[in-house]
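Derivation of every value follows stated rules applied to the coordinates shown; laboratory data play no part. Here the structure is a predicted model, which is why all the values come from computation and not from measurement. Cβ coordinates were reconstructed from backbone atoms using ideal geometry, including for glycine residues, and neighbour counts include every protein chain displayed.
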Amino acid sequence: MTTLLLSLFLTLLQAAAPGIRPLPAPLSVARWWDPPPGPYAAGHRGVDLSAPVGAELRAVAAGRVHYAGQVAGRGVLSLTLPNGLRTTYEPVRPLVAEGEQVAAGQVVAVLTAGSHCPAPCLHWGLLAGETYLNPLTLAPRPTPRLLPVPGPL
């Protein structure tokens, strides 16, 4: 129930103030969010976005650097957003330091090699406290466009 309410809150928040993509559009999802049924169960607690090593990563919203360093041999960057949500990026070389304020859209890290994907990718996560959420809810939605129907009607 909490995850459902937080997801609804994020959807409403995104509609009111669209975020920034961590990578340039269009985002190419290599692996989708697959939340685990329990805190210690298997699942995918984020999304993997295809990108080349060396790609610049941007802050999806203004916030403060919660963590910038190594975890299990991989570079990790974690940002706390003003609404209390925390977004994470890995594997990266952080360009910002713990405690530093960042602006929405600011380049905060560079993608490095060593991901768990067959090709280079960014693992992008989102947390509300200890609850994992789908980080794609922070990304701006594309604007629908109506195109003419070819041929006679």
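Points worth noting:
- Debye log10 I(q)/I(0) for region 59-153, one point scatterer per Cα, at q = 0.15, 0.19, 0.24, 0.25 Å⁻¹: -0.61, -0.90, -1.32, -1.38
- Net charge of Cβ neighbours under 14 Å - reference residue 56; Lys, Arg +1; Asp, Glu -1: +3
- Rg/Rg_ref, region 87-134, where Rg_ref = 2.2 N^0.38 Å and atoms are Cα: 1.27
- Net charge of the neighbourhood of residue 23, taken over other residues with C-beta under 10 Å away and scored Lys/Arg +1, Asp/Glu -1, is +1.
- Under the simplified labelling scheme, the residue 66-residue 149 pair shows an inter-label distance of 4.9 nm, with each label point 7 Å from Cα along Cα→Cβ.
- Net charge, residue 47 excluded, C-beta distance under 11 Å - Lys, Arg +1, Asp, Glu -1: 0
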